[in-house]
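Here the structure is laid out as structure tokens; the discussion comes afterwards.
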Amino acid sequence: MIEIVVDAVSEVLNIKRADIEDAPTFGARLDTDYILRMAKMNGGVKILLDIDSVLTDEEIAVLDKAA
């Protein structure tokens, strides 16, 4: 188990299931494993993160050694 501390939260939203879509393919140049889905809201797009994929196993190992 790992905790992640953030320095700010810009907004907390309630998103309707109907507004959530699969993330588009951005091509092979971008690593999008951390993107779970996308939500279209109020003329904009919100990226929904897969929090379990934000950090790689290697990054978690480095953090574990630093603790």
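Laboratory data are not the source of any read-out in this text; all were calculated from the coordinates shown. For clarity, every value in this text was computed on a predicted model and none was experimentally measured. Every residue, glycine among them, receives a Cβ derived from its backbone with ideal geometry; neighbour counts consider all protein chains shown.
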Quiz item: Whose amide H sits under 5 Å from the amide H of residue 36, counting only residues 5 or more places off or on another chain, with H placed in the peptide plane?
Solution: 48, 49, 50
Exercise. Could you give me the percent of Cα pairs per 5 Å distance bin for the chain, shortest bin first, beginning at zero and ending with the bin that holds the maximum distance?
Key: 3, 12, 20, 20, 18, 15, 7, 4, 1
Quiz item: Quick one: Karplus J couplings for the stretch 31-42, per residue in order, coefficients 6.51, -1.76, 1.60, θ = phi - 60°, nearest Hz, x for Gly and Pro?
Solution: 8, 10, 4, 7, 8, 7, 7, 10, 10, 9, 9, 6
Self-check item: Spacing of the two label points (7 Å from each Cα toward its C-beta) at residue 60 and residue 15, in nm
Solution: 2.2
Quiz prompt | Relative contact order [Cα under 8 Å, 6+ residues apart], the stretch 17-66, whole percent | solution = 28
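Rounded to the nearest 0.05, what FRET efficiency is calculated for residue 45 and residue 3 with R0 set to 25 Å and r the Cβ-Cβ distance? The partial results should precede the final answer.
Numbers: r = 28 Å, r/R0 = 1.12.
That gives a FRET efficiency of 0.35.
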Quiz item: Using a cut-off of 27 Å between alpha-carbon atoms, which lysines can reach residue 16, once sequence neighbours fewer than 8 places away in the same chain are excluded?
Solution: 40, 46
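Which residues make up the longest stretch of the chain clear of trypsin sites (Lys or Arg not before Pro) that lie in a DSSP loop with no more than 10 other Cβ atoms within 10 Å, not counting the sites? Numbers along the way, then the final one.
Values: sites that count: 16, 29.
Free of exposed loop sites, the longest segment is 30-67.
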Exercise. With θ set to phi - 60°, apply the Karplus curve 6.51 cos²θ - 1.76 cosθ + 1.60 along the stretch 11-20 and write out the HN-Hα couplings as whole Hz, x wherever there is a Gly or Pro.
Key: 6, 10, 10, 9, 10, 6, 3, 5, 8, 9
